[in-house]
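Below you'll find the structure, written out as structure tokens, and then a few comments.
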Amino acid sequence: MAKITKLEDIVSLCKRRGFIFQSSEIYGGLASCYDYGPLGVELKNSVRAAWWKDAVQMRDDVVGLDCSILMHPMVWKASGHADKFADLIAECKKCNTRTRVDHLTEKAEEAEEEHTKHISLDTAMATAQDLSNKVCPNCGSVGQFTEPMPFKLMFETQMGANIDDSMTMHLRPETAQGIFANFKNVLDTTRIKIPFGIAQIGKSFRNEVTTKAFIFRTREFEQAELEFFCKPGTDEKWYEYWKESRFNWYINLGIKKENLCLRNHDPDELAHYAKACVDVEYKFPFGSGDWQELEGIANRTDYDLRQHQRGIRTLNKWFESDRDLTKIELSKEAEDYQSGPLSYFDDEQKTRYIPYVIEPSAGIDRSTLAFLVDAYDEEEVRGETRNLLRFHPALAPVKVAVFPLVKRDGMPEIAQNIYNDLKKYFNCFYDEKGAVGRRYRRQDEAGTPFCITVDGQTLQDTTVTVRDRDSMDQVRVSTDQLLNHLREKLEV
RNA sequence: GCGGGUGUAGCUUAGUGGUAAAGCUCCAGCCUUCCAAGCUGGUCACGGGGGUUCAAUUCCCCCCACCCGCUCCA
């Protein structure tokens, strides 16, 4: 079994093997930012590819999309991020604890409104000035707060090099909104019919209050999101479907079942847009064995499309208020919103409606790390410890390594030829240095599923050995059967 | 943001007010016909910046990063 017990061991493992490095390390590092090394980028690419294949390419009812990170400011007004990602924070002078102003409760009040609904920045500014009766949730002091200060959870940047007419933009805090904004485009160009999904993988950015815990909560991160549009009333069925489907995706890629679970959100834990939500959690082996979220599957109902219909109606207001999002409120929803610009026409029933959305939203970085940690293993071989990564073949950074047994008798040349042929099909690695046993072990550490060795017998009968990473067993395979043999074993 | 801790080579550790040791790894060569063998040689480090001092990796200050615990976590 894996021997990793602390986060530090995971960090060390990632660094040692060239999976994940601290960003800008030569300058002392940049908090919460990480880079993927040579093996890490292959692993992460494989995770992406596995998700894309499962969510898009193997299905007839899902199409892909790749949206820009910068989007029209109104997108974030409509989605709610512009308001809700700009919370006001006040600091308790007694204990220096920072708390969201809208989470503070009055002295006499019970904690009944712990999950106060979010309010706009302006409203909060107007109503939150009087903190004299508010209670610090940490130390219980009353009215000991600093002036509320805005806490921007979205990254801001300027679009337009000319500062006079540049516009403040936000880096997207989720990829989902790009999908909603393109819902109509996809409908109009693909002939796809409900129920169907749109999938996207890409970077998102959130100015989290705290990051910590290696790459579990970083400010820049990669998401794989699927928005699955379905007819209202069928949403609960699809929610169950995606719950099961997404859970099994991890299991099928080798995550040990005892390390994975589904956790339903409590009603008071739900985001404002969600009717139901469940997390796929992985038991990371640090601390006391914390379960950490890899993916959330939410029933977003028709919330987002309806919000964007309101956003479209608000556009003029935005222009008229000098493009200042804080000065405007979203327009009211139209009476006949069900037949609005983002509605769907059901051919069979000849009616229009706003579809419901089931959203499986996975963290690529988190799951990459989960696959890495889950694959880590140590075992005793002839009194020595063998370290290996038991990656599923689809995820292994290197699929096949090719060696000459020794560096003579023409073996390197034959091995090179095999390598040159195989690398057209899989990511391969060639090595002829040192003892073959050491080369095998190096590949074990990288998680390479198979090693091909050209030996003396190859010169006689053109067969090579194929050595299995997990069992260390070897079989002889004819070189002209090698590609087929590996394809079958690697399931690619 | 608060409290505590940590920072010496790729990794794991040692050590010192006079610029640093070892094991593993890595590289080169020899040897080697299947699982980290052996021999020889070699590369590589005191997180960054100030201060005190003749001299700082060591003492002091500031900064950075990471870990643990709070807080936070649409």
- Among (1) within 12 Å of RNA strand B (Cβ to nearest atom); (2) more than 30 Å from A:Ile364 (Cβ to Cβ) - the single one A:Glu413 does not satisfy: (1)
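Would you be able to say whether some residue in segment A:287-303 is more than 25 Å from the chain's Cα centre (by Cα) and either part of a loop (DSSP other than H, G, I, E, B) or not assigned by TED's automatic domain parsing to the domain that holds A:Pro195 (or both)? Steps first, please.
So in segment A:287-303, the residues more than 25 Å from the chain's Cα centre (by Cα) come out as none.
No, every residue in segment A:287-303 fails to be more than 25 Å from the chain's Cα centre (by Cα) and either part of a loop (DSSP other than H, G, I, E, B) or not assigned by TED's automatic domain parsing to the domain that holds A:Pro195 (or both).
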- Of (1) at pLDDT below 95; (2) within 16 Å of RNA strand B (Cβ to nearest atom); (3) more than 19 Å from the chain's Cα centre (by Cα), A:Ala401 fails just (1)
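Name every residue in segment A:475-484 that is of a type outside the set (Gly, Ala, Ser) and either touching a Phe, Trp or Tyr at 6+ places or on another chain (Cβ under 7 Å) or surrounded by fewer than 16 Cβ atoms within 10 Å (Cβ to Cβ) (or both), in order of residue number.
Step one: list which residues in segment A:475-484 are of a type outside the set (Gly, Ala, Ser), which gives A:475-477, A:479-484.
Within segment A:475-484, A:Val475, A:Arg476, A:Asp480, A:Gln481, A:Leu483, A:Asn484 meet the criteria.
A:Ile418: farther than 26 Å from A:Ala375 by Cα, more than 8 Å from RNA strand B (Cβ to nearest atom), more than 40 Å from the chain's Cα centre (by Cα) and of a type in the set (A, V, I, L, M, F, W, C), yes or no?
Details: farther than 26 Å from A:Ala375 by Cα: yes; more than 8 Å from RNA strand B (Cβ to nearest atom): yes; more than 40 Å from the chain's Cα centre (by Cα): no; of a type in the set (A, V, I, L, M, F, W, C): yes.
Against the criterion (farther than 26 Å from A:Ala375 by Cα, more than 8 Å from RNA strand B (Cβ to nearest atom), more than 40 Å from the chain's Cα centre (by Cα) and of a type in the set (A, V, I, L, M, F, W, C)), A:Ile418 does not qualify.
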- Item | Residues of segment A:240-266 satisfying the condition of being aromatic (Phe, Trp, Tyr) and within 19 Å of the chain's Cα centre (by Cα) | A:Trp242, A:Phe247, A:Trp249, A:Tyr250
- Message: I'd like to check something: does segment A:199-217 contain any residue that is modelled with pLDDT of 95 or more, β-branched (Val, Ile, Thr) and part of a strand (DSSP E or B)?
- Response: yes
- Query: Counting only residues that are farther than 27 Å from A:Leu43 by Cα and out of contact with any strand residue (DSSP E or B) (no Cβ under 9 Å at 6 or more places or on another chain), which one in segment A:442-477 is farthest from RNA strand B (Cβ to nearest atom)?
  - Reply: A:Gln460
- Kindly indicate the residue of segment A:22-51 that is among the aromatic types (Phe, Trp, Tyr) and surrounded by 17 or more Cβ atoms within 10 Å (Cβ to Cβ) and also farthest from RNA strand B (Cβ to nearest atom) among those meeting that condition. A:Trp51
- When A:Lys84 is evaluated against the numbered criteria (1) within 30 Å of A:Lys243 (Cα to Cα); (2) away from RNA strand B (no atom under 16 Å from the Cβ); (3) modelled with pLDDT of 65 or more, which criterion, by number, is the only one it fails? (2)
- Item | strands (runs of 3 or more DSSP E) completely within segment A:334-397 that count 1 or more residues being in the same structural domain as A:Ile255 (by TED's automatic domain parsing) | A:344-346, A:351-353, A:356-363
- Flag if A:Arg408 is within 11 Å of RNA strand B (Cβ to nearest atom), without any contact (Cβ under 8 Å) to a residue 12 or more places away in the chain and more than 18 Å from A:Leu389 (Cβ to Cβ): yes
- Among the helices (runs of 4 or more DSSP H) confined wholly to segment A:26-85, which include 3 or more residues that are under 20 Å from the mean Cα position of the chain (by Cα) and more than 30 Å from A:Ile328 (Cβ to Cβ)? A:38-52
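Determine whether segment A:281-298 contains at least one residue that is among the β-branched types (Val, Ile, Thr) and within 12 Å of RNA strand B (Cβ to nearest atom).
Taking segment A:281-298 first, the residues among the β-branched types (Val, Ile, Thr) are A:297.
Narrowing the set further to residues that are within 12 Å of RNA strand B (Cβ to nearest atom) leaves A:297.
Yes, some residue in segment A:281-298 is among the β-branched types (Val, Ile, Thr) and within 12 Å of RNA strand B (Cβ to nearest atom).
In the set A:Arg219, A:Arg263, which member is among the basic types (Lys, Arg) and closer than 23 Å to A:Ala82 by Cβ? Even if it seems obvious, please write down each step before you answer.
On the way: A:Arg263 fails: closer than 23 Å to A:Ala82 by Cβ.
Matching residue, one of A:Arg219, A:Arg263: A:Arg219.
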- Note on the structure: The one condition A:His265 fails out of (1) out of contact with any strand residue (DSSP E or B) (no Cβ under 6 Å at 6 or more places or on another chain); (2) within 16 Å of RNA strand B (Cβ to nearest atom); (3) under 19 Å from A:Tyr303 (Cα atoms) is (1)
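The values are calculated or read from the model by the stated rules, or taken from the named source; none is laboratory data. Since we're looking at a predicted model, the values are computed, not measured. All Cβ positions, even for glycine, are placed from backbone atoms using ideal geometry, and neighbour counts span all protein chains on display.
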